[in-house]
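Chemist: This is the structure I have questions about; it appears just below.
The values are calculated or read from the model by the stated rules, or taken from the named source; none is laboratory data. In this text, all values refer to a predicted model and were calculated from it rather than measured experimentally. All Cβ positions, glycine included, derive from the backbone under ideal geometry; neighbour counts span all protein chains shown. Just the protein is used for accessible areas: all its heavy atoms, side chains included, with ligands, DNA and RNA removed. Shrake-Rupley method; radii C 1.70, N 1.55, O 1.52, S 1.80 Å.
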Amino acid sequence: MRIVMIGPPGAGKGTQAKLLQQRFQIPQISTGDMLREAERLGTPLGRVAAHFMSEGQLVPDDVVIGIVDDRLRAADCGRGFILDGFPRTVVQAEALDRLLDGRGGGLDAVLHIQVPDEEIVRRLSGRLVCRDCGAPYHRDFDPPARLDRCDRCGGALYQREDDQADRIATRLRVLAREIEPVTGYYRSTGLLADIAGLGSQAEVFGRIEAALG
Ligand code: AMP
């Protein structure tokens, strides 16, 4: 199963991708997570990406396409994958088609998770992430026992720099500009499934399962 998930930051792409990962035993590939890890490790890629990420801007296409190309060659992608946060531009979508064509298997579905802007702002501005294991929490909707510690691993929790209010506004503007052509691209191929992203995790997952047939 080869799946792409697209939608605004805070739509629940990561959460739903993890549920799909368990269901189909295929890896979740999040370009945001890979770029943050590269930044944490201080690699040359991480240094390039850090500047764009902290401003809520997209990292250049060739950089992101390169890391996805490498990742899709890994053995664990043999049975499929869930791409989360990629492609975000038509250039990336076209590059992905070329990568997959060369490897004998196109996409099975593109899940477009839709959540209204006001809800995105509420979700992101309260989001806390564990520095060690990446587990996400929310100050109000899914609080950890202690606001500064991860319930799972005890790591320190922090607010992503790009989850600060002014950065969220920039990310939503960038997204509105970028996402339409990408959804249009996949709609024209008949792969796009619009999924309402409001409701519980289980409800949203039920809609995804229905869309995947
Ligand atoms: P995310 O965790 O998906 O919200 O991504 C966080 C940040 O990483 C974005 O605001 C971008 O700066 C960068 N990023 C992640 N995926 C991509 C992508 N496919 N293309 C360009 N930039 C990306």
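Chemist: Open to solvent by 30 Å² or more (accessible area, probe 1.4 Å), within 13 Å of the ligand (Cβ to nearest atom) and not charged (D, E, K, R): does that describe Leu96?
Modeler: On the way: open to solvent by 30 Å² or more (accessible area, probe 1.4 Å): no; within 13 Å of the ligand (Cβ to nearest atom): yes; not charged (D, E, K, R): yes.
Answer is no for this residue.
Chemist: Taking the residues in the stretch 78-92 that are within 10 Å of the ligand (Cβ to nearest atom) and part of a helix (DSSP H, G or I) as candidates, determine which candidate is most open to solvent (accessible area, probe 1.4 Å).
Modeler: Of the stretch 78-92, the ones within 10 Å of the ligand (Cβ to nearest atom) are 83-89, 91-92.
Still in the list and also part of a helix (DSSP H, G or I): 91-92.
Numbers: Val91: 77, Gln92: 6 Å².
Result: Val91.
Chemist: Consider only pairs whose beta carbons are under 7 Å apart and that are at least six residues apart or on different chains; among these, list those whose first residue lies in the stretch 171-200 and is over 21 Å from Gln16 (Cβ atoms) and whose second residue is within 14 Å of the ligand (Cβ to nearest atom) and open to solvent by 60 Å² or more (accessible area, probe 1.4 Å).
Modeler: Val174/Gln57
Chemist: Moving on. Given the criterion more than 8 Å from the ligand (Cβ to nearest atom), more than 23 Å from Gly213 (Cβ to Cβ) and either touching a residue at least 24 places away in the same chain (Cβ under 8 Å) or surrounded by 16 or more Cβ atoms within 10 Å (Cβ to Cβ) (or both), identify the matching residue among Ala50, Ala75. Explain how you work it out, then say what you get.
Modeler: Numbers: Ala75 fails: either touching a residue at least 24 places away in the same chain (Cβ under 8 Å) or surrounded by 16 or more Cβ atoms within 10 Å (Cβ to Cβ) (or both).
Going through Ala50, Ala75 in turn, just one is more than 8 Å from the ligand (Cβ to nearest atom), more than 23 Å from Gly213 (Cβ to Cβ) and either touching a residue at least 24 places away in the same chain (Cβ under 8 Å) or surrounded by 16 or more Cβ atoms within 10 Å (Cβ to Cβ) (or both): Ala50.
Chemist: If Gly154 meets every condition in (1) over 17 Å from the mean Cα position of the chain (by Cα); (2) open to solvent by 50 Å² or more (accessible area, probe 1.4 Å); (3) not acidic (Asp, Glu) apart from one, which number is that one?
Modeler: Going through the list (1) over 17 Å from the mean Cα position of the chain (by Cα); (2) open to solvent by 50 Å² or more (accessible area, probe 1.4 Å); (3) not acidic (Asp, Glu), Gly154 breaks only (2).
Chemist: Restricting the search to the stretch 149-179, which residues are of a type in the set (Val, Ile, Thr) and touching an Asp or Glu at 6+ places or on another chain (Cβ under 9 Å)? If you could, list the steps in order and put the result at the bottom.
Modeler: Quick first cut of the stretch 149-179, residues of a type in the set (Val, Ile, Thr) only: 168, 170, 174, 179.
Once the filter is applied, which keeps residues that are of a type in the set (Val, Ile, Thr) and touching an Asp or Glu at 6+ places or on another chain (Cβ under 9 Å), the stretch 149-179 yields Ile168, Thr170.
Chemist: Out of Gln57, Gln25, which single residue is more than 11 Å from the ligand (Cβ to nearest atom) and open to solvent by 30 Å² or more (accessible area, probe 1.4 Å)? If you could, list the steps in order and put the result at the bottom.
Modeler: Working: Gln57 fails: more than 11 Å from the ligand (Cβ to nearest atom).
When all the criteria are applied, what remains is Gln25.
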